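The values are calculated or read from the model by the stated rules, or taken from the named source; none is laboratory data. What you are looking at is a predicted structure, and each value in this text was computed from that prediction instead of being measured. All Cβ positions, even for glycine, are placed from backbone atoms using ideal geometry, and neighbour counts span all protein chains on display. Ligands, DNA and RNA are excluded from the accessible area calculation, which covers all protein heavy atoms including side chains. Shrake-Rupley method; radii C 1.70, N 1.55, O 1.52, S 1.80 Å.
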Amino acid sequence: MNKGSLILLGLTLLILGGCASQQGVDEQARQYSDPKDPLESVNRAMWDFNYDVLDAYILRPTAVVYAEYMPQFARTGLLNMALNLEEPSNTVNNLLQGKVSGTFVSLGRFILNSTVGLLGTIDVAKEIGLNREDEEFGEVLGKWGIGTGPYLMIPALGPNDPRSGVGDYVDGAYGPLDSLNIYFTVLRAGIKALETRAALLQQEQQLDSSSDPYSFVKSAYFQNLEYKVKDGQVEQTKEQEALDDDIDAYLEGL
């Protein structure tokens, strides 16, 4: 994975994985039986490190300052610019899934916002009805029948899986992301991470009130992957339905 993709993946997924600690849970007595999570004992330790150290001392405080002191118009412009750089990958990934309409929408958005929209800082395309068609290569692989593989909680990178990791590597290889210098790549990654973490500030209480935040986020992670691959047409088990209200509210902040 190129360095820019690694940074973006790490900062963004840390937000999903590092938002609640495992206080009060007796790890010695817990039985790990999730077939999707064969390394659960190790993953839980990594989860605690992500939350208790990285999120608590770095990401969350930075996100709070960013949300409180950065003018909203500047935040919007920077985020628009960061997202605009992903439109070429959205274009290719839509095409690989046979989504012709989405392909042209993503291509049109990139051309229009990169020119009239002042290098993407203004989402002109949205104003004329061309809404973002976000597609990742990991979704393409899922569409082709490739499974996620085991759940992985990686230090600093948070929740991950082999399919998503490969997908992010490929997405980072599309232009213009592959040609960005390291400083601009870090800036772009940081903007997306801070905006996502700031959006989750209102969701923290929901995670803290969960009986097992680790399992809650893991379920949300896999349901979110399935939702993307199936374009919202997800069949749910009774267990998943029991978590629906909480997970839906959590994902609204992502």
Relative packing of peptides 183-190, 126-133 - highest average C-beta neighbours within 10 Å first: 183-190, 126-133
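Just reorder Leu95, Leu152 by solvent-accessible area, largest first, 1.4 Å probe, all chains present.
On the way: Leu95 110, Leu152 45 Å².
These residues rank, largest area first, as Leu95, Leu152.
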How big is segment 140-191 in terms of Cα radius of gyration and Dmax, in angstroms? 13.2, 36
Distance cut-off 25 Å, Cα to Cα: go down the list Lys36/Lys228; Lys126/Lys228; Lys36/Lys99 and report the pairs above it. Lys36/Lys99
In nm, what is the difference between 0.36 nm times the number of residues separating Thr76 and Thr115 and their Cα-Cα distance? 12.3 nm
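Go ahead and run the numbers for FRET between Tyr32 and Gln233, Cβ-Cβ distance against an R0 of 41 Å, rounding to 0.05.
Numbers: r = 31 Å, r/R0 = 0.75.
After rounding, the FRET efficiency stands at 0.85.
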